[in-house]
Amino acid sequence: MLNIYRNTEKKSTVAVIRDCETDALARIGKVMAARHGLGYNPNKCKRCQQVNLALHGVPNGKLAEMPKTIKATVTCDTRDTYSEAVGESEAVKKAMDNHKRAFLKALKRWQVAMIKDVMAVSPDTFREALQEATQWK
């Protein structure tokens, strides 16, 4: 959910993205379910709307959690004329950039943990398996 708050006195606009803590986890669940034929649909699954540490059996799910709220503030220079439309546009753009950064950070944190877990199963064969898996066709 995206909310916009304006303060014309301070010539600032704040964009707030709420309830985004499970965005990265939902993406992981969706992709993994599709790859393994589990029929995951985040729009129909009430369970996915909540913080669930093992969403559809995703190991290390807690590591994919994002902040609950992501904010971005833009302030107009005192010498410029304040425009609500420009302030809103810039604040939303900045909030979306912050969301993307948090999303990618959560995915990477989860991926690192998963790679370490897979590597621990058989360190001797891990490099060879990784080379096979990463050969792009």
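Readers should treat all values here as calculations from the given coordinates under stated rules, not as data from a laboratory. Computed from a predicted model, the values in this text were never measured in an experiment. As a convention, Cβ positions derive from the backbone with ideal geometry for all residues, glycine included, and neighbour counts pool all protein chains shown.
Simple spin-label estimate for residue 1 and residue 77 gives 3.7 nm between the two label positions (7 Å along the Cα-to-Cβ direction from each Cα). So which of 68/116; 62/105; 68/100; 68/108; 30/105 end up more than 25 Å apart by C-alpha? From the list (68/116; 62/105; 68/100; 68/108; 30/105), the Cα-Cα distance tops 25 Å for 68/116.
The protection proxy used here, the mean number of other Cβ atoms lying within 10 Å of each residue, ranks peptides 3-9, 119-125 as follows, highest first: 3-9, 119-125. Counting other Cβ atoms within 10 Å as a rough exposure proxy, the listed residues 130, 25 run 130, 25 from fewest neighbours to most. Full extension of the chain segment joining residue 125 with residue 69 gains 16.0 nm, where the gain is 0.36 nm per residue of separation less the Cα-Cα distance.
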